[in-house]
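A.B. asks: Quick one: the structure is below, questions incoming.
FYI, it's all coordinate maths here, none of it is from the lab. Just so it is clear, the structure is predicted and the values come from calculations on it, not from any experiment. Don't worry about glycine lacking a Cβ; one is built from the backbone with ideal geometry, like all the others, and counts go over all protein chains shown.
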Amino acid sequence: MNLFRILGDVSHLLAMILLLGKIWRSKSCRGISGKSQALFALVFTTRYLDLFTNFISLYNTVMKVIFLLCSYVTVYMIYWKFWKSFDSENDTFRLEFLLVPVTGLSFLENYSFTPLEILWTFSIYLESVAILPQLFMISKTGEAETITTHYLFFLGLYRALYLANWIWRYHTENFYDQIAVVSGVVQTIFYCDFFYLYVTKGRCQGRVE
Amino acid sequence: EDGAQPKDEL
């Protein structure tokens, strides 16, 4: 465990809590892509199946359970509790464009051809593209509320910090996880355009348009 | 080929 990893996890947790807090306080999920949130719930579900087979540490178990709970509560808020405020007309990204290639790739390129390992690989690939429906929605409506931009910033920052963590682990432990690193780079690239807007426009206007 | 390792990252 190094500083980059801890900061990455904190950033990830902060992003999810910011989003939940925003929905809860405003009693509205306007501007949030339900499809992206459903994909994240699927990512955590398929990745954390090792909760049942493998104990790594108390920290690991607790964080996994928190991430799973947060993502399910978010999906529940969007598709049930605050469904009336959900902007489904603008959440029109075609999920099959992500799910079909990601499923195919996880069968082709994995560490071991076993169900748990294929599902873990699927979750890593899917996470790298899961934000696309949200970014698509923002480009379609042309705006994002301030809290949504903070959410996206911390969500992007988390994987960028993981990249630093992987560089650190490579040099200190000679640890190298090719699937996670390549997907993590792809994932971070998707946020670069957003990071640029967040820093240049978001801060002074309070919103990204 | 089995290159799977325990996953300690989230």
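A.B. asks: Can you put A:R30, A:R169 in order, fewest other beta carbons within 10 Å first?
C.D. replies: By the 10 Å Cβ count, ascending: A:R30, A:R169.
A.B. asks: First select every other residue whose beta carbon is under 12 angstrom from the beta carbon of A:S28; then total the charges, Lys and Arg +1, Asp and Glu -1.
C.D. replies: Value of the local net charge: +4.
A.B. asks: Can you give me the Rg/Rh ratio for the range A:72-130, using Cα atoms for both radii and the Kirkwood formula for Rh?
C.D. replies: Rounded to two decimals, Rg/Rh equals 1.12.
A.B. asks: For A:H12, A:H171, A:H150, which order do you get if you count the other beta carbons within 10 Å of each Cβ and list the fewest first?
C.D. replies: By the 10 Å Cβ count, ascending, the order reads A:H171, A:H150, A:H12.
A.B. asks: Separate question: Pull out the extension gain between A:S85 and A:V73, defined as 0.36 nm times the separation in residues minus the alpha carbon to alpha carbon distance; nm, one decimal.
C.D. replies: Between A:S85 and A:V73, full extension yields an extra 2.7 nm.
A.B. asks: Hey, can you grab everything whose amide H is under 5 Å from the amide H of A:A144? Only 5+ residues off in sequence or another chain; H modelled, so Pro and N-termini drop out.
C.D. replies: A:V208
A.B. asks: Order by neighbour count: A:M63, A:M77, fewest other Cβ atoms within 10 Å first, most last.
C.D. replies: Least crowded to most crowded, the residues run A:M63, A:M77.
A.B. asks: Apply the Karplus curve 6.51 cos²θ - 1.76 cosθ + 1.60, θ = phi - 60°, to the phi angles in the range A:179-195 and return the couplings in whole Hz, x for Gly and Pro.
C.D. replies: After applying 6.51 cos²θ - 1.76 cosθ + 1.60, I find 4, 5, 5, 4, 5, x, 5, 4, 4, 5, 4, 4, 8, 4, 4, 5, 3 Hz.
A.B. asks: Sticking with this structure for a sec: Please list A:51-62, A:129-140, A:105-116 highest first by mean number of surrounding beta-carbon atoms within 10 Å per residue.
C.D. replies: Details: A:51-62: 12.0, A:129-140: 19.8, A:105-116: 14.0.
The packing order, highest mean first, is A:129-140, A:105-116, A:51-62.
A.B. asks: From the C-alpha coordinates alone, can you work out the Kirkwood hydrodynamic radius of the range A:115-180, in Å?
C.D. replies: About 14.1 Å, per the Kirkwood formula over Cα pairs.
A.B. asks: Here is a follow-up. Calculate for chain A the 222 nm mean residue ellipticity that helices alone would give, adding -39,500 (n - 2.57) per DSSP H run of length 4 or more and normalising by residue count, nearest 500 deg cm²/dmol.
C.D. replies: -23000 deg cm²/dmol
A.B. asks: Quantify how much of the Cα-Cα distance distribution of the protein assembly as shown extends past 25 Å, in percent.
C.D. replies: Values: 9142 of 23871 pairs.
So the portion of pairs separated by more than 25 Å is 38 percent.
A.B. asks: Further, regarding this structure: Which ³J(HN,Hα) values, rounded to whole Hz and listed in residue order, are derived for the range A:59-70 from phi using the Karplus coefficients 6.51, -1.76 and 1.60 in 6.51 cos²θ - 1.76 cosθ + 1.60 with θ = phi - 60°, glycine and proline given as x?
C.D. replies: In residue order, the calculated couplings are 4, 4, 5, 4, 4, 4, 5, 4, 4, 4, 4, 4 Hz.
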